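The values are calculated or read from the model by the stated rules, or taken from the named source; none is laboratory data. Because the structure is predicted, anything quoted here is derived from the model rather than measured. When we count neighbours, we look across all protein chains shown, and the Cβ atoms used for this are built from the backbone with ideal geometry, even at glycine.
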């Protein structure tokens, strides 16, 4: 595929996700389902449009991104591992210090202290 650099003025802010990162994200998907890339393009367009409409649009875009993060989590290895741990918890075979709620709260509490 021909590489088209993002048209950017030197005075524009640095990208959060550069061209190489986009290529790495999109290339595996293109071969499997090119339509999903077009769907992503539509989503990005709507987010950009919403953000450009000011504070209310920014809040809408943030809520949309948070929803997307929540939905993508379901397809991650972290989710699979968390579910496996939860199933072990339900069997009653875990020590209290290894139960999911205890482990997660412990990590979150440590992060709050930083």
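Return the residues of the stretch 18-58 that are under 17 Å from residue 68 (Cα atoms) and either touching a residue at least 60 places away in the same chain (Cβ under 8 Å) or not in a helix (DSSP H, G or I) (or both); say none if nothing qualifies.
none
Is it the case that residue 65 is under 18 Å from the mean Cα position of the chain (by Cα), surrounded by 10 or more Cβ atoms within 10 Å (Cβ to Cβ), outside the structural domain of residue 105 (by TED's automatic domain parsing) and farther than 30 Å from residue 105 by Cβ?
no
Looking at the stretch 85-104, can you tell me whether even one residue there is part of a helix (DSSP H, G or I), exposed (fewer than 10 other Cβ atoms within 10 Å of the Cβ), within 17 Å of the chain's Cα centre (by Cα) and without any contact (Cβ under 8 Å) to a residue 60 or more places away in the chain?
no
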